[in-house]
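Participant: Before I ask anything, here is the structure I am working with.
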Amino acid sequence: MYIPRLKKEYKENVVSRLMEEFGYKTVMQVPRLLKIVVSRGVGDATSDKKLVEYATDELTQITGQKAVVTYSKKDVSNFKLRKGMPIGTMVTLRGDKMYEFLDRLITVALPRVRDFQGISEKSFDGRGNYTLGVTEQLIFPEISVDKINKINGMDITFVTSAQTDKEALSLLSELGLPFKKNE
């Protein structure tokens, strides 16, 4: 049976290193990655409905899982936005697909970012979750430069079971996310 590389790495090495570092008594206390949420807002969707479809297709290609459309929750007159209008798209990845996506993000996509120095350690939310902003979808090899109509960014949120940001930072570093040295 196939097991993703990072899932195997987590079970064999990361758990023992984190238990040693934080002094956990059981394996169940060790923080783990619960899900990865990839979301993308489409600001111009109020004027052109096709943009949401393009964004959904691109996110589906990138993650390998069908993206869902997100809708506005309230009216905002300054943005010509009505409640219930499609304004973005998102995918929630869990299990093997989550580890596969993380592996591709670390080994293929992030190294393709121009002038890449590492990702910031400052984007933790205080509860052990981390959000990474990507400025353009072109860093993913699944996206063809010829087929895109507009360069858009996206947010990638790593939801962990860690209680503190320090534990989450250790977990994500052990999994291979390239954090900047000395900020």
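Participant: In nm², what is the average projected area of the convex hull enclosing the Cα atoms of the chain?
Facilitator: Numbers: hull surface 49.9 nm².
Seen from a random direction, the Cα hull of the chain projects 12.5 nm² on average.
Participant: Hey, another quick one. For segment 10-109, what relative contact order do you get, as a whole percent, if you take Cα pairs closer than 8 Å and at least 6 residues apart?
Facilitator: 28 percent
Participant: Take the alpha carbon atoms of segment 79-103, find their center, do the same for segment 104-169, and report the distance between the two centers in whole angstrom.
Facilitator: 14 Å
Participant: Starting from the coordinates of the alpha-carbon atoms of segment 82-124, obtain the Kirkwood hydrodynamic radius over all distinct pairs and give the value in Å to one decimal. Can you show the working numbers first?
Facilitator: Values: mean 1/r = 0.0749 Å⁻¹.
That comes to 13.4 Å for segment 82-124.
Participant: Right, something else. Points 7 angstrom from Cα along the Cβ direction at Y24 and D75: gap in nanometres?
Facilitator: Each label point lies 7 Å from its Cα, and together they span 4.9 nm.
Participant: Same structure again: Using +1 on the beta carbon of Lys and Arg, -1 on that of Asp and Glu, and nothing else charged, what's the dipole of segment 40-172 about the Cα centre, debye to 20? Provide the component values of the computation, followed by the final result.
Facilitator: Values: 19 positive and 18 negative charges, 111 e Å.
Dipole magnitude for segment 40-172 comes out near 540 debye.
Participant: If each residue of separation counts as 0.36 nm, what is the full-extension length gain between E12 and S173 once their alpha-carbon separation is subtracted?
Facilitator: 56.4 nm
Participant: Still on this model: 5 Å is the cut-off here: which amide hydrogens, built 1.01 Å from N in the peptide plane, fall below it relative to A162, excluding neighbours closer than 5 in sequence?
Facilitator: Under 5 Å from the amide H of A162 lie the amide H atoms of R32, each far enough along the sequence or on another chain.
Participant: With a 10 Å radius around each residue's Cβ, average the other Cβ atoms per peptide and rank 134-144, 17-27, highest first. Display every interim value, and only then the final one.
Facilitator: Details: 134-144: 16.0, 17-27: 12.5.
Output ranking for 134-144, 17-27: 134-144, 17-27.
Read-outs: derived from the displayed coordinates by stated rules, not from any lab. Everything numeric in this text was worked out from a predicted model, so none of it was measured. Ideal geometry is used to build each Cβ from the backbone, glycine not excepted, and the neighbour counts take in all protein chains shown.
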